[in-house]
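The values are calculated or read from the model by the stated rules, or taken from the named source; none is laboratory data. The model shown is predicted, which means the values in this text are computed figures rather than measured ones. Backbone-built Cβ (ideal geometry, glycine too); neighbour counts: all protein chains shown.
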């Protein structure tokens with residue numbers, strides 16, 4: 001954990017982040033250092049697909065979970081860097097779920113996913129007032145299929161720059 | 001009853017109905033005696049519902065309509081075995097005073113006989129009904145029902161309600177309403193229909209996503225979740241003036257459930273932490289009920305409002321818990337099933353219905369006693385069955401099923417069985433909730 005703290009702290013300093021918020025996220029489990037800190041001009045990879053073309057990338061979740069994966073945390077750091085270097089901009093974080101289970105529970109789960117992503121960014125140093133969260137539960141799926149491939153696409157925290 | 005008639009006739013008529021048409025029912029002791037006899041023998045009540053007598057062309061047409069309304073209404077309850085009236089059920093030798101042939105009734109196995117006549121006076125329908133114990137030829141009920149011609153359903157159902165209450169000692173579904181969500185306009189809006197699916201009317205036109213409608217016990221307010229403000233927000237609509245109050249605080253609101261006529265509970269995610277709160281009908285917060293970092297949703301209350309069943313993920317996957325409102329003590333109710341949500345407390349107080357998402361992908365409806373005993377599975381091998389809600393008499397459950405493709409509203413007995421589609425149409429119907437008022 002201490003090692004992680006040092007890495008995160010080092011990354012934040014190199015990225016020009018304020019060090020006052022350099023606190024290790026509770027859920028940080030990755031020990032892999034990011035390959036780059038500059039978001040690509042035409043973003044591709046983990047957080048980007050036909051429903052998210054950037055500049056902020058989306059974060060994906062496991063079944064019935066709002067825990068951030070290593071890749072998800074990496075994406076959030078990239079989003080945090082973008083927000084820090086574009087200080088006037090605000091973002092809406094939408095929590096989404098797959099169609100399985102019941103809709104009330106999914107509305108709650110989507111809220112936790114959005115809040116989980118927001119809290120990570122706040123710990124990273126983004127002002128909480130710049131991040132609004134909302135849940136759409138299972139109401140607005142991105143992929144329309146009824147298989148694991150579609151479900152995995154729909155379990156996400158979706159970023160909308162305001 | 002008065003509530004029911006207010007919907008179809010002007011206030012003056014309501015007054016007339018109350019003052020002039022005083023029911024000539026049998027004494028309470030006699031009725032109690034009859035109900036006691038009924039309870040001993042289980043099974044349906046063998047009833048002969050005779051065709052109404054009427055003179056005149058128009059009268060005969062109204063009488064035929066009422067025959068159908070009363071037959072279908074009584075059939076809907078599944079309390080009765082409806083026996084066709086034997087041909088010689090009435091002796092017409094004295095034309096003015098036909099005599100009921102009780103021998104013919106008992107020979108076809110009838111326990112109860114109901115029949116009557118319809119007359120019309122200045123645009124008003126008068127329905128005179130008499131109910132007899134077929135074996136003892138004892139008069140159990142004699143009552144006149146009055147209403148306007150366009151209110152035939154209400155007139156017929158008022159009799160059905162009295163008959164059920166007379167024979168079972170309990171209030172019935174007649175006059176109750178079901179609210180639900182339909183996507184028929186392309187948006188998820190709230191609709192209301194009668195207990196039997198008749199007379200679907202829209203209650204919202206917000207052109208957004210509406211969820212989880214629930215009528216207050218007195219039927220005066222409709223609570224629901226709307227995405228119209230941009231985020232899922234608890235809305236409370238006053239059905240008299242159409243005004244909508246909403247929770248103005250930030251964050252999302254989830255799945256309201258009424259505790260009383262003045263307080264509705266819902267999950268509010270204020271500053272990122274989801275808790276169940278009690279909210280007044282003007283949208284102001286009354287009290288926080290839960291205090292836990294996990295998901296706490298879907299409050300449903302015991303009839304006296306002292307206990308709340310709800311869904312919590314505090315032990316991992318979602319399960320049903322019961323919290324005592326006064327003491328705050330929480331007890332886990334469900335231990336079987338990995339994903340239990342959507343609790344609905346019976347208006348009779350004894351049982352809680354909920355859904356289990358099973359390993360095989362089915363979602364099924366179960367009922368359990370409020371003390372955790374008597375677990376019973378009500379649906380099976382019919383894909384996803386969701387959102388159970390008890391009828392006001394606790395005898396039926398309304399729910400949705402996608403067993404035939406699209407998700408649709410169904411009803412069944414609260415003991416299982418008699419599962420049937422309530423509403424036709426090509427739309428997707430979700431989250432039905434049965435009212436308490438009648």
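Of the strands (runs of 3 or more DSSP E) lying entirely inside the range B:316-357, those carrying at least 1 residues that are under 19 Å from residue B:413 (Cβ atoms), free of Cβ contacts under 8 Å to residues at least 60 places away in the same chain and within 14 Å of chain A (Cβ to nearest Cβ) are B:340-345, B:351-357.
Among the residues of the range B:418-426, are any out of contact with any strand residue (DSSP E or B) (no Cβ under 8 Å at 6 or more places or on another chain), over 24 Å from residue B:173 (Cα atoms) and in a loop (DSSP other than H, G, I, E, B)? Yes, there is a match, as at least one residue in the range B:418-426 is out of contact with any strand residue (DSSP E or B) (no Cβ under 8 Å at 6 or more places or on another chain), over 24 Å from residue B:173 (Cα atoms) and in a loop (DSSP other than H, G, I, E, B). When restricted to residues that are outside any loop (DSSP other than H, G, I, E, B) and surrounded by fewer than 22 Cβ atoms within 10 Å (Cβ to Cβ), the range B:302-311 contains 1. Residues that are touching a residue at least 40 places away in the same chain (Cβ under 8 Å) and assigned to a helix (DSSP H, G or I) within the range A:136-160 comprise A:150, A:151, A:152, A:153, A:154, listed in sequence order. Here B:102, B:159, B:92, B:62 are screened, and the one residue that is assigned by TED's automatic domain parsing to the domain that holds residue B:45 and crowded, with 22+ Cβ neighbours inside 10 Å is B:159. Looking across the range B:226-252, the residues that are closer than 20 Å to residue A:138 by Cβ and within 9 Å of chain A (Cβ to nearest Cβ) come down to B:227, B:230, B:231, B:232, B:251, B:252.
Going through (1) crowded, with 20+ Cβ neighbours inside 10 Å; (2) under 11 Å from the mean Cα position of the chain (by Cα); (3) in a loop (DSSP other than H, G, I, E, B) one by one, residue A:67 falls short only on (1). Which one of these is in contact with a helix residue (DSSP H, G or I) (Cβ under 9 Å, 6 or more places away or on another chain), in a strand (DSSP E or B) and at the interface with chain B (Cβ under 9 Å from one of its Cβ atoms): A:94, A:132? Every option except A:132 fails the conditions. Would you check if residue B:171 is touching a strand residue (DSSP E or B) at 6+ places or on another chain (Cβ under 7 Å) and modelled with pLDDT under 95? Criteria not met by residue B:171. Scanning the range A:153-160 for any residue that is more than 9 Å from every other protein chain (Cβ to nearest Cβ), closer than 25 Å to residue B:208 by Cβ, surrounded by fewer than 22 Cβ atoms within 10 Å (Cβ to Cβ) and at pLDDT 95 or above turns up at least one such residue.
Hey, among B:242, B:257, which residue is in contact (Cβ under 8 Å) with a residue 12 or more places away in the chain and either in a strand (DSSP E or B) or more than 23 Å from residue A:118 (Cα to Cα) (or both)? Only one candidate passes the filter, namely B:257.
What residue, of A:125, A:101, A:110, A:145, is more than 12 Å from the chain's Cα centre (by Cα), within 14 Å of another protein chain (Cβ to nearest Cβ) and either more than 30 Å from residue B:355 (Cβ to Cβ) or surrounded by fewer than 24 Cβ atoms within 10 Å (Cβ to Cβ) (or both)?
A:101 is the lone residue from the list that is more than 12 Å from the chain's Cα centre (by Cα), within 14 Å of another protein chain (Cβ to nearest Cβ) and either more than 30 Å from residue B:355 (Cβ to Cβ) or surrounded by fewer than 24 Cβ atoms within 10 Å (Cβ to Cβ) (or both).
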